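Worksheet: one structure, shown below.
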Amino acid sequence: MKGLLLKNFKNILPTIAYYAFFMLVFYVVAILSENIVMFTSVSVVLAISVPTSAYVMDEKDNWDKFVLAAGVTRGQLVRSRYLFAVLCLIPLWILSLVLIFILPSGVRAENVIIFLLFDGVELIMTSLLLPLEHKYGADKSRIVLLLLVVIAVFACVMLGTLLHEKIMSIGMTVWLAAGVLLAGIAAMCASMAITVKICAKKDY
Amino acid sequence: MNIIISNASDKPIYEQIYTQIKGAILRGECKDGESLPSIRALAKELRISVITTKRAFDDLERDGFIYSVQGKGSFVAAKNKEVLREEYLRQAENKLEEAIELGRSGGLSDEELKEVFLMILKGE
Amino acid sequence: MQDCMRVKGLRKNFKGFSLEDVSFRVPRGCVVGFIGENGAGKSTTIKSILGLVNADAGEIEVFGKRMREIGREEKNRIGTVLGETCLPENLNLKDLDGIMKYIFTNWDSEKYFQCADRFCLPLDKKIKDFSRGMRQKVSLAVALSHKAELLILDEPTAGLDPVARDEIIDLLYDFMQDEAHSILISSHILSDLEKLCDYILFIHDGRIIFEEEKDMLTEKYGVLKCTEERLRELDPKSVVGFHRGEFGVSALVKLDLVPRSFVTEKAGIEDIMLYFIRGERI
């Protein structure tokens with residue numbers, strides 16, 4: 001497991017500066033505009049593209065064949081991918097959380113909602129994407145990925161509008177966002193079980 | 001000791017090795033108790049398979065030219081004069097038999113062959 | 001002789017291709033050359049052994065244990081090279097060492113760097129900048145650096161020039177200096193196998209045609225060149241296959257069934273393979 005993760009991190013290391021720059025820019029924008037949506041939106045993109053690009057590299061390298069031949073089980077391989085995806089999320093979450101507290105306007109419920117909501121969306125999207133990648137390969141899944149991003153952004157914008165027009169009370173929205181996050185966690189668990197099954201049947 | 005393998009030869013490779021090592025031993029190029037290269041090292045040097053080499057060594061051991069010690073390798077067997085004599089005798093016999101056969105198939109009588117044999121023996 | 005690996009009744013159905021009842025063994029201390037055309041089932045067999053392909057049926061035993069039951073540690077006693085390079089291209093050899101430490105329980109860094117040194121592989125260059133031959137050598141260096149006792153190599157010399165091929169064969173000979181070591185190697189380049197292998201395993205159309213000691217093959221088969229009428233005089237059982245030419249026929253024959261009066265030539269592995277696959281039957 002350690003070797004698998006280490007390989008992923010080493011693989012994405014050359015691109016990390018690029019990601020970091022991207023994040024920094026939007027972090028600053030978020031602070032200036034006092035709206036964490038600027039940062040969380042970028043987080044969604046990163047949360048999906050980093051594990052995906054790691055997967056694409058593995059696919060190109062025939063890495064799965066190699067580690068399976070080396071005695072790593074299919075289950076371990078799948079679990080390492082989920083763990084890696086979560087590990088990519090954590091720094092993003094920490095940064096958003098910090099952002100909520102350091103914004104000059106103080107801690108606002110709106111930002112907490114956005115934080116919870118986007119975290120949930122990230123988890124749901126990851127849990128949709130990983131089984132697809134393992135089943136159909138990264139290339140075919142990319143189209144689905146694009147579609148997913150569009151849907152997610154649309155959903156978030158809709159929710160933002162609802163919130164803005166005060167159709168729902170703040171309290172209710174917090175609960176809704178928390179619900180989305182919980183759904184995300186549940187989706188991850190279910191998704192991992194599905195991917196393990198997909199890989200058990202796969203011929204490499 | 002030189003061992004030269006020819007892929008073009010009609011003789012199987014194990015036989016080529018057998019003959020050449022035996023020759024070296026009979027000519028005294030390898031001393032009693034001298035260690036021979038290991039089967040696997042020889043296989044690598046000659047670029048042939050291990051089993052082929054092993055077969056040659058097995059035959060050499062069977063015929064008393066070498067002996068092997070488990071884990072240590074193969075060594076040239078102390079020359080047993082009797083064994084050597086027998087070997088030469090056997091080879092000489094074979095050649096003579098061949099000569100006789102050739103003569104008879106050419107219509108020479110046994111008497112004539114005997115004369116030729118004695119003549120060569122006397123060195124004429 | 002003890003068997004290092006045994007495969008019994010392996011079956012796998014794909015669309016348009018299937019492995020049928022593949023059985024063979026790899027004796028300990030021996031090199032088994034796995035030959036056959038492209039698509040004959042060599043890679044599928046190897047992948048099934050390693051568990052990359054889910055076989056429909058069959059029993060695979062390695063080191064005296066059933067493959068399905070062996071753990072990671074024991075699987076690490078098998079070194080593999082799987083045709084195309086299966087290593088992270090974005091990494092250099094030093095990075096790779098850091099990762100392999102965690103992948104293989106018996107990883108031997110010293111051996112690995114020795115191999116790299118012997119192959120003149122640069123340590124700081126990314127694998128994607130390596131030539132095909134160099135990549136193949138990296139794969140082999142990895143396979144040789146975790147105290148493997150059995151090497152399973154799928155086309156390790158494919159696409160390499162004669163010099164690089166010779167270096168790899170040399171390395172395999174070195175590996176075989178230990179009597180407990182064994183190799184299963186598939187290759188198109190039969191001259192490589194002709195030297196190194198103790199046994200030849202021949203697969204055609206998903207079925208094993210034979211597994212035979214290499215020396216026995218050349219003793220058993222010969223190439224006969226004669227007229228077609230003369231060929232017909234032979235017992236049909238003695239002719240494996242023949243090619244019709246404009247000026248006569250050439251046939252692969254079983255030497256023990258052919259009378260002495262027929263003069264035959266030595267048959268190489270390539271001849272044997274070609275006549276078995278493409279030769280006409282009597």
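Looking at the protein assembly as shown alone, DSSP beta bridges between its own residues are antiparallel in about 70 percent of cases. Listed by chain and number, the lysines placed with their C-alpha closer than 24 angstrom to that of C:Lys12 are A:Lys65, A:Lys135, A:Lys197, A:Lys201, A:Lys202, C:Lys42, C:Lys47, C:Lys65, C:Lys75; residues fewer than eight positions away on the same chain are left out. Axis angle, to the nearest 10 degrees, between helix B:110-122 and the longest C-alpha principal axis of chain B: 60 degrees.
Each residue, C:Lys65 and B:Leu121, gets one label point 7 Å from its Cα in the Cβ direction; the gap between the two is 7.2 nm. Cross-link partners for B:Lys44 among the aspartates and glutamates, with Cα-Cα distance under 16 Å and sequence neighbours closer than 8 places in the same chain left out: C:Asp166, C:Glu167, C:Asp170, C:Asp174, C:Asp178, C:Glu179, C:Asp192, C:Glu194, C:Asp198.
Could you work out how far helix C:109-118 tilts from the main Cα principal axis of chain C, as a 0 to 90 degree angle to the nearest 10? Helix C:109-118 and the main axis of chain C meet at about 60 degrees.
When a 1.4 Å probe is rolled over the protein heavy atoms, the share of accessible surface on chain A that falls to carbon and sulfur comes to 79 percent.
Here the sum of -39500 (n - 2.57) over DSSP H runs of 4 or more residues, divided by the residues of chain C, equals -9000 deg cm²/dmol at 222 nm, to the nearest 500.
Would you work out if the stretch C:217-278 is rounded, prolate or oblate? Take a ≥ b ≥ c from the square roots of the eigenvalues of the alpha-carbon gyration tensor; rounded if a/c is under 1.5, else prolate when a/b is larger than b/c, oblate otherwise.
Oblate, since a/c reaches 1.5 and b/c is not below a/b.
In the stretch A:21-167, taking the dipole from charged Cβ atoms about the Cα centre, the farthest positive-side position among A:Ser105, A:Ser41, A:Phe26 is held by A:Ser41.
Largest first, what is the accessible-area ranking of C:Val253, A:Val37 with a 1.4 Å probe?
Working: C:Val253 0, A:Val37 45 Å².
Largest accessible area first, the list is A:Val37, C:Val253.
Rounded to the nearest 500, the helix-only mean residue ellipticity at 222 nm of chain B stands at -19000 deg cm²/dmol, with each DSSP H run of n ≥ 4 adding -39,500 (n - 2.57).
C:His188 contributes about 90 Å² of solvent-accessible surface, heavy atoms of the protein only, 1.4 Å probe. Compared with the dominant principal axis of the Cα atoms in chain A, helix A:2-33 is inclined by about 20°.
Can you give me the solvent accessible area of B:Asp59 with a 1.4 Å probe, rounded to the nearest 10 Å²? The accessible area of B:Asp59 comes to roughly 30 Å². Across chain C, C-alpha contacts under 8 Å between residues 6 or more apart give a mean separation that, scaled by the residue count, equals a relative contact order of 21 percent. Rg and Dmax, both from the Cα atoms of chain A and both in Å, are 17.9, 57.
Could you give the size of the charge dipole of the protein assembly as shown about its Cα centre, using +1 on the Cβ of each K and R and -1 on the Cβ of each D and E, expressed in debye and rounded to the nearest 20? Numbers along the way, then the final one.
Values: 76 positive and 82 negative charges, 477 e Å.
Magnitude of the dipole: close to 2300 debye.
Interface residues of the stretch C:94-131, defined as a loss of at least 40 Å² in heavy-atom accessible area between the chain alone and the complex of all protein chains with a 1.4 Å probe, are C:Ile99, C:Tyr102, C:Ile103.
Given a 1.4 Å probe and the protein chains as shown, A:Leu6 ends up with an accessible area of around 60 Å².
Tell me the relative contact order for the stretch A:1-63 as a rounded percent, counting alpha carbon contacts under 8 Å between residues six or more apart. Walk me through the numbers on the way to the answer.
On the way: 21 pairs, mean separation 21.5, N = 63.
Relative contact order for the stretch A:1-63 comes out at 34 percent.
The values are calculated or read from the model by the stated rules, or taken from the named source; none is laboratory data. For clarity, every value in this text was computed on a predicted model and none was experimentally measured. All Cβ positions, even for glycine, are placed from backbone atoms using ideal geometry, and neighbour counts span all protein chains on display. Calculation scope for accessible area: heavy atoms of the full protein, side chains included, ligands and nucleic acids excluded. Shrake-Rupley method; radii C 1.70, N 1.55, O 1.52, S 1.80 Å.
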